[in-house]
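Structure record follows, encoded as structure tokens.
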Amino acid sequence: MGLSPRLTGRATARAHHSPAASAFLRKFEPLFAGREVTGGPLLIATILALAMTNSPWAHVFERFWDTPVTIGFGASEVSHRLAEWIDHALLPLFFVIVGADVKREMATGPLAHWRSAAFPLAGALGGMLVPVGMYLAIAAGTPAQPGWGAVITTDTAFGLALIAVFANRLPVGLRATMLAFAAVDDVGGLLVIAFAYSGALDLWGLVAAVIALGGIVALRRIGWVSSVPYVLLALVVWGGVLESGIHATIAGVLIGLTVPVQPRLEQHDFARRVQGRVDEFRHAHDAAERADDDEEEQQLRERAEERLGYLHEMASATREASSRLIEVLTPWVNYVVLPLFALSNVRIHVSADLLSMMGSPLVIGVVLGLVAGKPLGFLTFTWAASALGLAKRPDQVTWPMVVGVGALAGIGFTISLFIAGLAFGDGEMREAASLGVLLASVLAAAIGYAILRSCAEPGSATRAPAET
């Protein structure tokens, strides 16, 4: 959780030169430089989008994102607005990370035991049912009723970023709990999109996606290493899901869940297999340095390069594919995908008419469902599951921390905004729903941060190290 080891070392060295600046920056670096998906760039993009949509250039800004983009091949073509292509083609990359990360936590992490995994699953169930119940209690029978899906999901990026602020002052199991809870929430939201907000399903698209997904699983079974077939099949899964009428983000989760979380080669096997090749490389390299004949030197260097290639491949085999995939995708998701999503989807025109809707069932329902419904549902369902012996609270995770995670789950930014657009289209109702989501996300972030800060153990994680 938090910064990578290299960045941690840089921050420690920087503290010797400027302790005050280091202490300040260390509080915010996890929002931008963590190993996981972070919320800093998304936050900046959101502020920029709000500023642009309420500026004299709002029309030009929105028209840019509404520009039609057409992809054609022969007589066939697919045309969507630029904002829709971002939703359909880029946002699934974020959910590939979510799917792979959740699988890793449940296979080898703090949620590996079924009772530990059942804890966030129970919380996610409550975190969906209670908010929807609260929303419908206020908005049922009104024009705002279709927006109930906006209170189901959790914004994983912001939630994990706020937990990462506390670095090692919170137990590892807390991040895993938040991740699993948010992932199940997101899957629930995607299923709601698929069945409540989508049109007629194209079964042929689903068939193509299922066949391609089966192909990925089959390649894994036979131990296929090259990534090219996996990428091509993943594209077919994405295209099939998109063509079916289900939102393409569900393809991201499915692809992420197929990524292996175990290395192809354990480290003790690596040490046993490569020692001889290391000796061979050293001998070939030393012999090449002493060779008088150019042809002999070339042969020896080629032999050394061959040994290096073997060592490189064997070293790669000691890392699980999920870690490599997350490492490759995370910078793109942090600095491209999520900011573009915010820039293209946050369209809240602050006006007297919009502010007059603050007391409407739509805004109140969204705020109440996310800010109160999420923590209440998460706490009550996890407590009930634990009391019945169906779930086990992760080690060192206290009930106040559980409440803090439930509060952070009220940050429903990314998919909540997307569902609001599906529910109401473009217009005043969508803007009111987006305003409710924005207000709820700010309140939930502040409440969750305050709770977790009170739970975090004092330590050196947020203080500059002493001079040595």
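Before moving on, here are some points about what is shown:
- Here the stretch 154-174 is the region considered, the condition is being surrounded by 24 or more Cβ atoms within 10 Å (Cβ to Cβ) and under 21 Å from Phe381 (Cα atoms), and the residue that is modelled with the lowest pLDDT is Thr156.
- Of all residues in the stretch 229-243, at least one satisfies being in contact with a helix residue (DSSP H, G or I) (Cβ under 6 Å, 6 or more places away or on another chain), outside the structural domain of Tyr449 (by the TED database), buried (at least 16 other Cβ atoms within 10 Å of the Cβ) and among the small types (Gly, Ala, Ser).
- The residue list Arg282, Arg277, Arg303, Arg307 contains one member that is crowded, with 20+ Cβ neighbours inside 10 Å, over 30 Å from Leu203 (Cα atoms) and of a type in the set (D, E, K, R), which is Arg307.
- Residue match in the stretch 318-329 (condition: touching a residue at least 60 places away in the same chain (Cβ under 8 Å), over 22 Å from the mean Cα position of the chain (by Cα) and open to solvent by 40 Å² or more (accessible area, probe 1.4 Å)): no
- Subset of the stretch 383-430 (residues that are of a type in the set (Gly, Ala, Ser) and over 19 Å from Leu129 (Cα atoms)): Ala387, Gly389, Gly421, Gly425, Gly427
- The set of residues in the stretch 331-378 being open to solvent by 40 Å² or more (accessible area, probe 1.4 Å) and assigned to a loop (DSSP other than H, G, I, E, B) consists of His349, Val350, Ser351.
- From the options Leu191, Leu179, Leu242, Leu201, residue that is touching a residue at least 40 places away in the same chain (Cβ under 8 Å) and assigned to a loop (DSSP other than H, G, I, E, B): Leu201
- Residue among Ser441, Ser416, Ser454 that alone is of a type outside the set (Phe, Trp, Tyr), farther than 16 Å from Thr153 by Cβ and either within 19 Å of the chain's Cα centre (by Cα) or in a helix (DSSP H, G or I) (or both): Ser454
For (1) assigned to a helix (DSSP H, G or I); (2) not charged (D, E, K, R), each residue gets a yes or a no:
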{"residue": "Ala45", "(1), (2)": "yes, yes"}
{"residue": "Ala49", "(1), (2)": "yes, yes"}
{"residue": "Met52", "(1), (2)": "yes, yes"}
{"residue": "Ser55", "(1), (2)": "no, yes"}
{"residue": "Glu62", "(1), (2)": "yes, no"}
{"residue": "Ile71", "(1), (2)": "no, yes"}
{"residue": "Trp85", "(1), (2)": "yes, yes"}
{"residue": "His88", "(1), (2)": "yes, yes"}
{"residue": "Gly99", "(1), (2)": "yes, yes"}
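- Cβ-Cβ contacts under 6 Å between residues 6 or more apart (or on different chains), taken from a first residue in the stretch 387-406 that is over 21 Å from Ile163 (Cα atoms) to a second residue that is surrounded by 12 or more Cβ atoms within 10 Å (Cβ to Cβ) and among the aromatic types (Phe, Trp, Tyr), are listed as Ala391/Phe119.
- Boolean, Ala271 is in contact (Cβ under 8 Å) with a residue 12 or more places away in the chain and open to solvent by less than 70 Å² (accessible area, probe 1.4 Å): no
- Selection status of Ala21, modelled with pLDDT under 60 and more than 17 Å from the chain's Cα centre (by Cα): yes
- Test for Gly214: is it without any contact (Cβ under 8 Å) to a residue 12 or more places away in the chain, open to solvent by 20 Å² or more (accessible area, probe 1.4 Å) and either polar (S, T, N, Q) or not assigned by the TED database to the domain that holds Leu422 (or both): yes
- Selected residue [within 20 Å of Gly173 (Cα to Cα) and open to solvent by less than 10 Å² (accessible area, probe 1.4 Å)] from Ala409, Ala432, Ala384, Ala420: Ala409
- The one condition in (1) open to solvent by 10 Å² or more (accessible area, probe 1.4 Å); (2) touching a residue at least 24 places away in the same chain (Cβ under 8 Å) that Ala112 fails to fulfil: (2)
- Cβ-Cβ under 7 Å pairs, at least 6 apart or on other chains, the stretch 51-72 side assigned by the TED database to the domain that holds Val350, far side open to solvent by 60 Å² or more (accessible area, probe 1.4 Å) and in a loop (DSSP other than H, G, I, E, B): Asn54/Val350
The values are calculated or read from the model by the stated rules, or taken from the named source; none is laboratory data. None of these values were measured; they are calculated from a predicted model. Cβ sites come from the backbone with ideal geometry, for glycine too, and all protein chains shown count toward neighbours. For accessibility, only protein heavy atoms count, side chains too; no ligands or nucleic acids. Shrake-Rupley method; radii C 1.70, N 1.55, O 1.52, S 1.80 Å.
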